[in-house]
Amino acid sequence: MNTITFGERTLTPSKVVCIGRNYVEHIEELGNEIPENMVIFNKPNSAITPTLSYFGEHCRFEGEICLLIEGGKAVGVGFGLDLTHAEVQNHLKAKGLPWERAKSFDGSAVLSAFVPIDGDLSRIAFEMRINRARVQHASYDLMMYKPAEMIAEIGRVMTLEDGDIIMTGTPKGVGYYAPGDRFEAVVMDGDAVLLATEWTAR
């Protein structure tokens, strides 16, 4: 089973729960409709990885703030890349089929280490750069669904086990990447840096 680090601890998430279409500008850039209800899908434990692999020219990156759940609440924050086989997803969406083939493959949940949070996420934000050029940035204020709403809604559908991860959605700026591309991301609490992480695509 794949693991993540949380401070000095090593945890084994049973799943990664992803929130889709949580930023209006991202919905618009992909030509999607604003959903009536929260979009929820899962990545299995086998999708989790600390490294960024290259899966071909049609694999898209989506940077996201990630929450670590224990006791039914968010106790940690990290950063992740939701990798997507874009052409496969477009084909599945056109036919009204599930997204797992495009979203849940091994290595598709690229996760940083996680750091503790005090429960107040109202000033959380992130910025991501590729090869030093800023490609994505977002904040709590831009989320359609806030973390507390995510946790409550997911809990109506499935049990969030201790160690599970929520990927909170991606803002505009998603795109494709190539071997050797260097990703750098920071997650902020207001002006304070909570964590910084980086990957080089291999």
Amide proton proximity set for K15, modelled H, under 5 Å, gap of 5+: I165
Under the rule of at least 5 residues apart or a separate chain, name every residue whose amide H is placed under 5 Å from the amide H of M38. none
Under the rule a/c < 1.5 gives rounded, and otherwise a/b versus b/c splits prolate from oblate, where does region 4-200 land using the Cα gyration tensor? rounded
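Roughly how big is the chain's charge dipole about its Cα centre, with Cβ charges of +1 (Lys, Arg) and -1 (Asp, Glu), in debye to the nearest 20? Walk me through the numbers on the way to the answer.
Values: 19 positive and 28 negative charges, 97 e Å.
My answer is approximately 460 debye.
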My understanding is that a pair violates if its Cα-Cα distance is over 19 Å; which of K93/K146; K73/K103; K103/K146; K146/K172; K15/K93 do that in this structure? K93/K146; K73/K103; K103/K146; K15/K93
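Please sort by residue number the GluC sites (Glu not before Pro) in region 114-202 whose DSSP state is loop and whose Cβ has at most 13 other Cβ atoms within 10 Å.
Loop-located and lightly packed - E161.
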Long-range HN-HN contacts of V135 with modeled amide H, under 5 Å: M128, R129, I130
Could you tell me which of I65, G190, T49 has its Cα farthest along the dipole of region 4-200 towards the positive end, charges placed at Cβ (Lys, Arg +1; Asp, Glu -1), taken about the Cα centre? T49
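Each reported figure results from applying straightforward, stated rules to the coordinates on display, with no laboratory input. Predicted model, so just to flag it, every value in this text is computed and none were measured. All Cβ positions, even for glycine, are placed from backbone atoms using ideal geometry, and neighbour counts span all protein chains on display.
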